[in-house]
Amino acid sequence: HSHNANQPKLLKQKEKLTKSKRNKQKRHKALLTQLQHQKRLKSFHHQLAEVRKHAKDVQRAELLRLRRQTELSRLRDEKKQEPLGKNIWNQLAEKDPIRAPALPVALTEELEEHRGGTLRTVAPKGSLVTDRLESMAARNLIWKKKAEGRRIVQGKRRRKVMGENGTEYLL
């Protein structure tokens, strides 16, 4: 098979197809286009089913959000209906159980210890001033200062930055 590089390669002429072969190719091509069309149609139906499924999911999520919202608004309304200054001791104990004041009630043993066990002879527990302040704060008549402020950190640890993008602050 040693051909000269200068000699052009002869191209074989395409032989003419018979009528039956042409018809066969035509049928094959038609079958391929039909299969492609069916594939596209199936894909379209699948996407349509997906759209319906997603629409149902969105509707379900919206209904759930609406229920939660109504429940929250109902709870808020109930809280607004509750009179201010009610259950002060329980609220203080829930907020800060460590610093919650003891109930200003004398126990029966303490009553027996103090001369005859009458309430008049028992020394009062707690402080009248702090009790009044707590009561007034519970009724929104005064504002209490927050007990814990920002911690001041010095030295190398101060370089640490907290917060998400846009809300960074130094420790």
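Some notes on this structure:
- Remark: for residue pairs K79/K145; K21/K42; K86/K145, the C-alpha separation exceeds 27 Å in K21/K42.
- Net length available on complete extension from A100 to K16 is 20.0 nm, with 0.36 nm assigned per residue and the Cα-Cα distance removed.
- Förster-model FRET efficiency, 22 Å R0, T70 and R139, C-beta, rounded to 0.05: 0.15
- Surface composition of the range 1-83: carbon and sulfur atoms hold 56% of the protein heavy-atom accessible area at a 1.4 Å probe.
- Net charge over other residues, Cβ less than 15 angstrom from the Cβ of E50 (K, R count +1; D, E count -1): +3
- Count Lys and Arg as plus one, Asp and Glu as minus one, and take only other residues whose Cβ is under 14 Å from that of R67; the net charge is then +2.
- Full extension of the segment from L111 to Q34, taken as 0.36 nm per residue of separation minus the current Cα-Cα distance, would add 17.8 nm.
The values are calculated or read from the model by the stated rules, or taken from the named source; none is laboratory data. Note that the structure is predicted; figures quoted are calculated from it, not measured. FYI the Cβ positions are ideal-geometry reconstructions off the backbone, even for glycines, and counts take in every protein chain you see. Accessible surface areas use protein heavy atoms only, side chains included; no ligands, DNA or RNA. Shrake-Rupley method; radii C 1.70, N 1.55, O 1.52, S 1.80 Å.
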